[in-house]
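Undergrad: My structure is below; once you've seen it, I'll send some questions.
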Amino acid sequence: MSLVISDEFLQTAHISEAELKLEIAVLLFQQEKITLGAGSQFAGMNQLEFQRILGSRKIPIHYGLEEFRQDLRTLEANDWQ
């Protein structure tokens with residue numbers, strides 16, 4: 001699925017594309033809809049950077065066995081070894 005967000009909207013919201021992607025990733029992570037790995041990948045940063053942002057916003061890191069398994073599947077699907 002693709003989502004097109006106009007430049008006009010980004011300008012009106014005073015936010016860049018990268019910032020919007022980060023905000024979406026943070027929100028979905030906070031709502032426990034995506035894992036740490038999926039959030040960092042969507043935001044275009046490594047997990048440590050994403051964790052630092054979550055920490056600065058006082059958002060707890062929830063990372064259990066299912067999240068670990070999902071991250072492994074994501075890595076395997078992207079051919080990471």
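Undergrad: Name the single residue that is nearest to Ala77 (Cα to Cα) among those in the range 1-43 being outside any helix (DSSP H, G or I) and not aliphatic (A, V, I, L, M). Quick ask: steps written out before the conclusion?
TA: Here is the first cut: in the range 1-43, the residues outside any helix (DSSP H, G or I) are 1-6, 14-16, 31-35.
Filter again for not aliphatic (A, V, I, L, M), leaving 2, 6, 14, 16, 31-33, 35.
Values: Ser2: 19, Ser6: 30, His14: 35, Ser16: 29, Gln31: 24, Glu32: 21, Lys33: 19, Thr35: 15 Å.
Per the criteria, the residue is Thr35.
Undergrad: Related question: Pairs under 9 Å by beta carbon, first residue under 18 Å from Ala43 (Cα atoms) and charged (D, E, K, R) in the range 54-81, partner surrounded by 10 or more Cβ atoms within 10 Å (Cβ to Cβ) and modelled with pLDDT under 75, six or more apart or different chains?
TA: Asp71/Tyr63
Undergrad: Considering only residues of the range 44-77 that are of a type in the set (Ser, Thr, Tyr) and in a helix (DSSP H, G or I), which is farthest from the chain's Cα centre (by Cα)? Break it down stepwise before answering.
TA: Going through the range 44-77, the residues of a type in the set (Ser, Thr, Tyr) turn out to be 56, 63, 74.
The next check asks that each one be in a helix (DSSP H, G or I); those that pass are 56, 74.
Details: Ser56: 15, Thr74: 13 Å.
Ranking the qualifying residues of the range 44-77, first place goes to Ser56.
The values are calculated or read from the model by the stated rules, or taken from the named source; none is laboratory data. Note that this is a predicted model, so its numbers are computed, not measured. Note: ideal-geometry Cβ built from the backbone for every residue, glycine included; neighbour counts use all protein chains shown.
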